[in-house]
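The values are calculated or read from the model by the stated rules, or taken from the named source; none is laboratory data. What you are looking at is a predicted structure, and each value in this text was computed from that prediction instead of being measured. Every residue, glycine as well, gets a Cβ built from its backbone with ideal geometry; the counts of neighbours run over all protein chains shown.
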Ligand SMILES: [Zn+2]
């Protein structure tokens, strides 16, 4: 996935441990064996401490990388307020995680290095994990630097203080210390937290999903109490559904305004082959906003939609054999709404490697200025953060370059034949290839 450029070799030699040493350790760990059960426990403890120490090393290096990248961006003439763009995204690619997680790790790293030295030392010594350090940083976020340093000293300087504490007890201890030092900031934090309220949806097994609302505690408790009351009332009338089922149905009915939860009331886009729809084929379908659903579930959704004009399902067929959706083309510079929706439906999620965020922008793989057409084949979906990160100097996105560098015409031919393969090049010269999960009916995912 990653090809370290030669220019980094010099830097690696400056470290006490070279990248090659680290890779050798990884290989040695694969063959690790213990002599006895007691030895196994010792090994597991040592490995756990190594994980924490490795995360601490990543944090220290990330903080240095942040300073260095900001300096480079300044040299490129980037205004001060914009500097730091894309730094977390580069860490995310290196850590093989989503850009939002990368940004969170960068924030944790700079906090530990610049404001919480005792927590960082505890992590380096293997006494607290990355997660524990994250909790300590999170619970002290609203404090002044001085007070944060005081909590860091109080909780993390002595190895015994955090020993044996569960996550909840650790959070409680940190909150108590923070409240004692800065009660007004903690109250202001609660007000600020209310601004983070949101609703999200993530897949659960068996064609189910978790619909999660993050709301102020009073509203959440009130909403649950309202659903409980409906369930209490319904049970007296010989209701066959269980309490949880009634509450879930009521939630869906009240949010969507439909009479019964089982009728699909809003636009649901399904990407499926005609064989799945008409011939009872077992090829799974894609439900945007959710992911893969079984062919039977997809057929069930199409049957559940009444044809009253208000309720409908948009079906996007994939061609048998290659899985390509119906081709669309436009002479416009920007992607027209219909085509952008088509591309979003096809790509499902942001096209950045390891990014799971929903698509907010559709852009050209081969830029319009370089002769790239405004077509579904040359379009790809991106989340807002990734679209923003790649505007920093040194980022480049191009069609999958694994076939070797060649002229623009050949590049264009390739991207039109293989619409979803892209290569992202970061400011350090590392490259990451990404291939979108193919739609239903396609032969299978290409290696990425
Ligand atoms: Zn993204």
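Within segment 416-424, the presence of at least one residue that is modelled with pLDDT under 85, assigned to a strand (DSSP E or B) and within 14 Å of the ligand (Cβ to nearest atom) is confirmed.
Suppose the filter is closer than 26 Å to residue 58 by Cβ, in contact with a strand residue (DSSP E or B) (Cβ under 7 Å, 6 or more places away or on another chain) and not in a loop (DSSP other than H, G, I, E, B); does residue 93 pass it? The answer is yes for residue 93. Could you please let me know if residue 362 is touching a helix residue (DSSP H, G or I) at 6+ places or on another chain (Cβ under 8 Å) and part of a strand (DSSP E or B)? In short, yes. Got at least one residue in segment 127-138 being out of contact with any strand residue (DSSP E or B) (no Cβ under 9 Å at 6 or more places or on another chain), in a loop (DSSP other than H, G, I, E, B) and at positive phi? For segment 127-138, residues out of contact with any strand residue (DSSP E or B) (no Cβ under 9 Å at 6 or more places or on another chain), in a loop (DSSP other than H, G, I, E, B) and at positive phi: absent.
Any idea which residue in segment 344-377 is surrounded by the fewest Cβ atoms within 10 Å (Cβ to Cβ), counting only those that are away from the ligand (no atom under 16 Å from the Cβ) and without any contact (Cβ under 8 Å) to a residue 40 or more places away in the chain? Ranking the candidates gives 369 first.
The residue that is modelled with the highest pLDDT, counting only those in segment 253-289 that are surrounded by fewer than 17 Cβ atoms within 10 Å (Cβ to Cβ) and under 28 Å from the mean Cα position of the chain (by Cα), is 255. Taking segment 12-54 as the range and being outside any helix (DSSP H, G or I) and surrounded by 12 or more Cβ atoms within 10 Å (Cβ to Cβ) as the test, the residues that pass are 15, 18, 34. Checked against the criterion of being modelled with pLDDT of 80 or more, away from the ligand (no atom under 14 Å from the Cβ) and surrounded by 20 or more Cβ atoms within 10 Å (Cβ to Cβ), segment 378-393 contains one or more residues that satisfy it.
Against the definition (away from the ligand (no atom under 16 Å from the Cβ), modelled with pLDDT of 70 or more and either closer than 30 Å to residue 90 by Cβ or assigned to a helix (DSSP H, G or I) (or both)), how does residue 341 come out, yes or no? Criteria met by residue 341. Where helices (runs of 4 or more DSSP H) sit wholly within segment 152-240, those with at least 1 residues that are touching a strand residue (DSSP E or B) at 6+ places or on another chain (Cβ under 8 Å) occupy 217-235.
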